[in-house]
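> Here you go, one structure.
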Amino acid sequence: MNNATKRWMFDTAVWTSAVLVTLVLLMHDVAAESRLPPVTNDKWQAECGSCHIAYPPRLLPASSWRRVMSELDEHFGTDASLDAASAAGIGAFLESNAARGKRAAVAAGTLRITEAPWFRREHREVEAPLWKSASVKTPANCAACHTTAERGDFSERGVRIPR
C-alpha cells in the first residue's frame, strides 16, 4: 500500500469519526431537552395550575413570559390578575427558567405555546379532527395525550392518543 492510499484511509477515518462524534453530541442535546428535570415553584403551580396545567417555563422564551405576565387582566379571554408580589415572583420564576437557544429565538414574541414553530413541528402528524375531539378539544390541552404533562414531562414514552 502506497503512502497516498494510507493517507487517504487515515483522512477518511478521521473525518468519519468526527462526523459520528458530532452526530452523537447533537442527538445527546436533543435527548437532554426532553429529559430536563421539571422546575417547580409552589406559587406558579397553584396560580397557573388552578385553571390549566402549569406550562413549564422552558416552553416559551423570557420575552413571551414577560408579556403573558403583563397581560394577566386579559389572559386569553379571562381575568387572571394577581397581586403584585405574586405576579413578580411568578414572573421571575418563568423568566429565569424560560426557553433558551434555538427554541427561544424561533418563538420570540409567541404567546401561545401551540403557535410556536417547534410545537407545530412536534405535532405535525396529529390530524385536525383529533384537536377538536371531545377528549382533546384544543391543542393547548397537553394532558389529553401527554399523560405526564402535569409533571412537565412531554416525552414520547408518556404519549397516549385518545381514541
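The values are calculated or read from the model by the stated rules, or taken from the named source; none is laboratory data. All values derive from a computational prediction rather than experimental measurement. Don't worry about glycine lacking a Cβ; one is built from the backbone with ideal geometry, like all the others, and counts go over all protein chains shown. Protein only, heavy atoms only, side chains kept; ligands, DNA and RNA dropped before computing areas. Shrake-Rupley method; radii C 1.70, N 1.55, O 1.52, S 1.80 Å.
> Could you check the range 70-84 and list, in sequence order, the residues that are surrounded by 14 or more Cβ atoms within 10 Å (Cβ to Cβ) and farther than 16 Å from Asp42 by Cα?
Leu72, His75, Ala80
> Within the range 42-63, take every residue that is hydrophobic (A, V, I, L, M, F, W, C) and open to solvent by less than 30 Å² (accessible area, probe 1.4 Å) and give me the one that is farthest from Asp153 (Cα to Cα).
The extreme case among them is Ala62.
> Moving on to the next point. Which of the following residues is in a helix (DSSP H, G or I), touching a strand residue (DSSP E or B) at 6+ places or on another chain (Cβ under 6 Å) and crowded, with 16+ Cβ neighbours inside 10 Å: Ala87, Ala104? Steps first, please.
Values: Ala87 fails: touching a strand residue (DSSP E or B) at 6+ places or on another chain (Cβ under 6 Å).
Sole residue among the options that is in a helix (DSSP H, G or I), touching a strand residue (DSSP E or B) at 6+ places or on another chain (Cβ under 6 Å) and crowded, with 16+ Cβ neighbours inside 10 Å: Ala104.
> May I ask you to say which residue of Met27, Met1 is at pLDDT below 90 and part of a loop (DSSP other than H, G, I, E, B)?
Step by step, each of Met27, Met1 is checked, and only Met1 is at pLDDT below 90 and part of a loop (DSSP other than H, G, I, E, B).
> Go through the range 112-129 and give me each residue that's within 18 Å of Val159 (Cα to Cα) and open to solvent by 50 Å² or more (accessible area, probe 1.4 Å).
Across the range 112-129, the qualifying residues are Arg120, Arg121, Glu122, Arg124, Glu125, Glu127, Ala128, Pro129.
> When residues of the range 90-101 are filtered for being surrounded by 12 or more Cβ atoms within 10 Å (Cβ to Cβ) and part of a helix (DSSP H, G or I), how many remain?
7
> One residue is enough: does the range 131-147 have a residue meeting the conditions touching a residue at least 12 places away in the same chain (Cβ under 8 Å), under 13 Å from Ser64 (Cβ atoms) and within 14 Å of the chain's Cα centre (by Cα)?
Scanning the range 131-147 turns up no residue that is touching a residue at least 12 places away in the same chain (Cβ under 8 Å), under 13 Å from Ser64 (Cβ atoms) and within 14 Å of the chain's Cα centre (by Cα).
> For the range 107-119, which positions are touching a Pro at 6+ places or on another chain (Cβ under 9 Å), assigned to a helix (DSSP H, G or I) and more than 21 Å from Cys51 (Cβ to Cβ)?
Ala107
> If only one of Arg35, Arg67, Arg7 is modelled with pLDDT of 90 or more, out of contact with any helix residue (DSSP H, G or I) (no Cβ under 9 Å at 6 or more places or on another chain) and open to solvent by 90 Å² or more (accessible area, probe 1.4 Å), which one is it?
Unique residue meeting the criteria: Arg67.
> Let me ask you something else. Being in a helix (DSSP H, G or I) and open to solvent by less than 40 Å² (accessible area, probe 1.4 Å) is the filter; apply it to the range 130-158 and report the residue that is nearest to Ala116 (Cα to Cα).
So the residue we want is Cys142.
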